[in-house]
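Every read-out reported here was derived from the displayed coordinates using simple, explicitly stated rules and does not represent laboratory data. Since we're looking at a predicted model, the values are computed, not measured. Cβ: placed from backbone, ideal geometry, glycine included. Neighbour counts: every protein chain shown.
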């Protein structure tokens, strides 16, 4: 299984190097469909879309990559490069506080590493408590209490650092915003490819999206894609 | 003829008199001011409620009778009443050699009945008539109407003047370029001259009926005096007359409801046009976009809709062009915004679809014009080159392009075994649950000791035995504390522990044994080198603990 996957990745790299970006994208996305969730894979898919001129899709995949690896310099570079080509795209609203804290924590350690530390400390506290109960009643309560507290904090950090995002990105050329979830409704905004917003709610083919300039409108979900969950097209 | 007594100041006499004291509406009458003084300045009053249709006529007269010379000067005005009622004409003033004199006032009664009386005999007596003819009897709000002002002259008429223009209410009014025309027509048994003397275009802006004040025209009509001259020709005189025209009954209909979303009030036969100078440009070129409303309609209130700008272009403030011509066919022309689009990036950009709604007076319904999306193509490499020059014409964000690499980074190595689990921290939460359970157990154990004294006593005994067998250095202290705590529970305070108190509470035998053990333990505690602990003490403690 592993050998097969590696050959797919190598094949995609070769195709990309040969300028066959569409084929490379297809292979990379097949990996994502099979469950590979390496941020480098998302980054590579973003590169393919950039080469293909689909800058909205490219932004979407770079955002996905940054979600799991917020300090990846190459991804940050490519996203900045993309932003200079998407000057008319509307930037998303600022992150919610909890999402921002999660990003900062994730920039320090991956969620599973936070979880590992928390698990070790909590397991230690549990062992001490069992000992105190059944073997060493004279054992002080202070040590298990300290371990429990630190472990709990680390567990919360691990939980908060799990990637979460309500960000959505325009992946078609343009997307009209309507006052109601109806194509015959009043058009109130036109967004270009690569514009981003926050998904407030979804309803039968329509997204109600909060934009960075404070406006909110209904958009056809065909023109947008969520950063999470990751769904290759 | 009325002669009113004037104000007399020494030898100067100033009087005012009127040809009639009771007149009908639109019936001319004369007011004359006379003075017997030479020189000076005679000033008329303000003829409020009246219109001056003739004059002023000045006359002077000098008479010498029996060697006595007299002088008089007169100032005459011909007036027409504007409304019914009783009105006072104020005094005229005469200034001479720094002195000021005033005439008497005149009271004039104006009646409508006099006018009606005239109306019945109009055909015989009226020299001319005026009328306002409307091009339409019913229009929508915003739909133009042409009004033609005509005068029908039954007699010779001269000096036709417009006394009162019809101030139409709630309309936009525009006088049309028009050459006066006259023609001969038979009206009843008379041949009359019909004169078209004015033409106006009005655009109503409120529903209802066209309203405003009447049109009043004055003119001098030639009429026979009934006398003949030396050659037996009839003698004629000129009489001032006023003719009135009513506002034509034009019904102004409101626009149908409900009005479509985005309708801004345009009415007529209109077009919305979007013209592009080109749809494909190089980076150093620009596109001229004209957005224009043209046709016939209420251009006074129409505004050109805002352009939904295309992405990827800089849009400068538009230039406004307008050409509007008022004619009998309505208001025709165009209003136009001319935009300059300067490309910022290479690629294909969409000029978005636009919609604009107006009311079509021909169809009697709202029409929506849709301008479809247009693709604009920007090619060439000049955009980046001109940005690098930094000539200040490019937006700031584009200059930043030069500060980063001109290309994206290459691919990264993919670890294909990386998997993100759906619930990555589930096992840790499970551990947290175990920890909480551990703490709960500690809490339950504590509570159990508190609730069951026997269990607590057994636990203490067990702890002391364990400490004793493991040679815990604190074993003696723990045993002593346990005994003292137990005695406290029996009602003997620590400071009161003595043989007497123990015998009294526990009985002589048990009290003595406990006292002995306590003394041994205290000695061992404070002088450990003097006495060593042994198994007997533990046995004694266990035996006494059971009895206590």
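Relative to the longest principal axis of chain A, what angle (0 to 90°, nearest 10) does the C-alpha long axis of helix A:21-33 take? Relative to chain A, helix A:21-33 is tipped by roughly 40 degrees.
Computed from the Cα positions only, the extents of chain B along the three principal axes stand at 181, 79, 51 Å, in decreasing order. For helix B:475-490, report the angle its Cα long axis makes with the longest principal axis of the Cα atoms of chain B; keep it between 0 and 90° and round to the nearest 10°. Here the helix axis deviates by roughly 70 degrees.
Exposure proxy shown here: for B:517, A:122, the number of other Cβ atoms within 10 Å sets the order, fewest to most, as B:517, A:122. Per residue of peptide A:115-127, the mean number of Cβ atoms on other chains within 10 Å of the residue Cβ is 5. For the pair segment A:74-137 and segment B:8-68, the centres of their Cα atoms are 106 angstrom apart.
When you work out D = kT/(6 pi eta Rh) for segment B:448-508 at 37 °C and 0.692 mPa s, using the Kirkwood radius from C-alpha pairs as Rh and the Stokes-Einstein form, the result is 257 µm²/s.
Centroid-to-centroid, using Cα positions, segment B:314-357 and segment B:237-299 are 15 Å apart. Peptides B:263-269, A:206-212 ranked from most to least packed, by the mean per-residue count of other Cβ atoms within 10 Å: A:206-212, B:263-269.
For the protein assembly as shown, the fraction of alpha-carbon pairs lying more than 44 Å apart is 65 percent, rounded to a whole number. Going by a ≥ b ≥ c, the root eigenvalues of the Cα gyration tensor, does segment B:442-547 fall in the rounded group (a/c under 1.5), the prolate group (a/b larger than b/c) or the oblate group? Verdict is oblate for segment B:442-547. Ranked by how many other Cβ atoms sit within 10 Å of their own Cβ, fewest first, the residues B:410, A:219 fall in the order B:410, A:219.
Mean silhouette area of segment A:43-93, derived from the convex hull of its C-alpha atoms and averaged over all directions, reads 3.3 nm². Here the contact order of chain A, divided by its residue count and restricted to Cα pairs under 8 Å and six or more residues apart, works out to 20 percent. Between helix B:535-547 and chain B there is an angle of about 60 degrees, using the helix long axis and the longest principal axis of the Cα atoms. Peptide B:351-360 is shielded by partner chain Cβ atoms: per residue, an average of 1 of them sit within 10 Å of its Cβ.
Inside 10 Å of the C-beta atoms of A:41-47, what's the mean count of C-beta atoms belonging to other chains?
Mean partner-chain Cβ count within 10 Å for A:41-47: 4.
Rounded to 0.05, the FRET efficiency of the residue B:60 and residue B:176 pair, given R0 = 45 Å and the Cβ-Cβ distance, is 0.45. Once the chain from residue A:133 to residue A:149 is taken as fully extended at 0.36 nm per residue, the excess over their C-alpha distance is 3.9 nm. When the alpha carbon gyration tensor of segment B:164-236 is reduced to an equivalent ellipsoid, the three semi-axes, largest first, read 39, 15, 12 Å.
Once the C-beta distance of residue B:498 and residue B:444 is scaled by a Förster radius of 35 Å, the resulting FRET efficiency is 0.30 to the nearest 0.05.
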